[in-house]
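Below is one structure, written out as structure tokens; the observations come after it.
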Amino acid sequence: MNLAIVILGALAVLFLFWLGLTYNGLVKLKNRAQEAWADIDVQLKRRYNLIPNLLETVKGYASHEKDVFEKVTEARTKAMQAGSMKERAEAENMLSNTLKSLFAVSENYPQLRASENFQKFQDELTDTEDKIQAARRFYNGNVRDLNIRIESFPTNLVASAFGFKKMELFELTAPEERKVPQVEF
């Protein structure tokens, strides 16, 4: 009888120990994913802050490209106000596309391309885009690890008992960009 109580007590202690380790592991993964999202957010805000200065530089050389400036400004505003992860990704894709059109317009203005300010902002924006991509990969890796743990048995029992939810990946490429281009001769 005493041996049975000792064994049950030991099993209960082991179960509580496992439960604590599992819970703490989930908390750690969730916090890593949230920290990684904060890194993305910092880089996105940096990009948002660079855009008005870039636009002002371009306006000085290409003042009659009003339509492009309005599209970039509108896309920036939408990206800053996006709510859900899906809305944010869509808004960021739109902003990236409008920035591409802004740089395409700049090709028509040799003085603009030679401008030191324009080059500086273009380099800063390129650097920021690279940092966003690195932060996105880091975030998605952390989210993947969290989601795997939340879905894996027996951790899924602890995750559902304590309300851990899967997080969304942050995808910045539009579905049409994933298609293989067709080359015709």
Next on the checklist: Can you tell me which residue is farthest from LEU102 (Cα to Cα) among those in segment 121-147 that are surrounded by 15 or more Cβ atoms within 10 Å (Cβ to Cβ) and among the basic types (Lys, Arg)?
Outcome noted: ARG136
Next on the checklist: Regarding segment 59-67, can at least one residue be identified that is within 26 Å of VAL143 (Cα to Cα), among the small types (Gly, Ala, Ser) and part of a helix (DSSP H, G or I)?
Outcome noted: no
Next on the checklist: Give me the residue from segment 43-68 that is over 21 Å from GLU116 (Cβ atoms) and in contact (Cβ under 8 Å) with a residue 24 or more places away in the chain and, out of that set, surrounded by the fewest Cβ atoms within 10 Å (Cβ to Cβ).
Outcome noted: TYR48
Next on the checklist: Let me spell it out: the conditions are (1) at pLDDT below 90; (2) over 30 Å from TYR61 (Cα atoms); (3) in a helix (DSSP H, G or I), and ASN140 meets all of them except one. Which number is the exception?
Outcome noted: (1)
Item to check | Scan of segment 79-105 for residues that are crowded, with 16+ Cβ neighbours inside 10 Å and among the charged types (D, E, K, R), ordered by number | outcome: ARG88, GLU90, GLU92
Checklist outcome for this item: Counting only residues in segment 107-138 that are small (Gly, Ala, Ser) and in contact (Cβ under 8 Å) with a residue 24 or more places away in the chain, the one farthest from LEU169 (Cα to Cα) is identified as SER115
Next on the checklist: Please count how many residues of segment 106-116 are out of contact with any Leu (no Cβ under 9 Å at 6 or more places or on another chain), surrounded by 13 or more Cβ atoms within 10 Å (Cβ to Cβ) and part of a helix (DSSP H, G or I).
Outcome noted: 2
Checklist entry - For segment 17-41, which residues satisfy the criterion of being of a type in the set (A, V, I, L, M, F, W, C), closer than 30 Å to ASP123 by Cβ and surrounded by fewer than 14 Cβ atoms within 10 Å (Cβ to Cβ)? => result ALA38
Next on the checklist: Among the residues that make up segment 123-134, is at least one of them at pLDDT below 90 and among the aliphatic types (A, V, I, L, M)?
Outcome noted: yes
Next on the checklist: Quick test of your reading of the structure: LEU14 fulfils all but one of (1) under 30 Å from GLU129 (Cβ atoms); (2) surrounded by fewer than 18 Cβ atoms within 10 Å (Cβ to Cβ); (3) without any contact (Cβ under 8 Å) to a residue 60 or more places away in the chain. Name the failing condition by number.
Outcome noted: (1)
Checklist entry - Does segment 34-50 contain at least one residue that is in a helix (DSSP H, G or I) and more than 16 Å from the chain's Cα centre (by Cα)? => result yes
Checklist entry - Residue check: is VAL158 in contact with a Phe, Trp or Tyr (Cβ under 7 Å, 6 or more places away or on another chain) and either buried (at least 19 other Cβ atoms within 10 Å of the Cβ) or not in a helix (DSSP H, G or I) (or both)? => result yes
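The values are calculated or read from the model by the stated rules, or taken from the named source; none is laboratory data. Predicted model, so just to flag it, every value in this text is computed and none were measured. Neighbour counts are summed over all protein chains in view; Cβ atoms, including those assigned to glycine, are modelled from backbone coordinates with ideal geometry.
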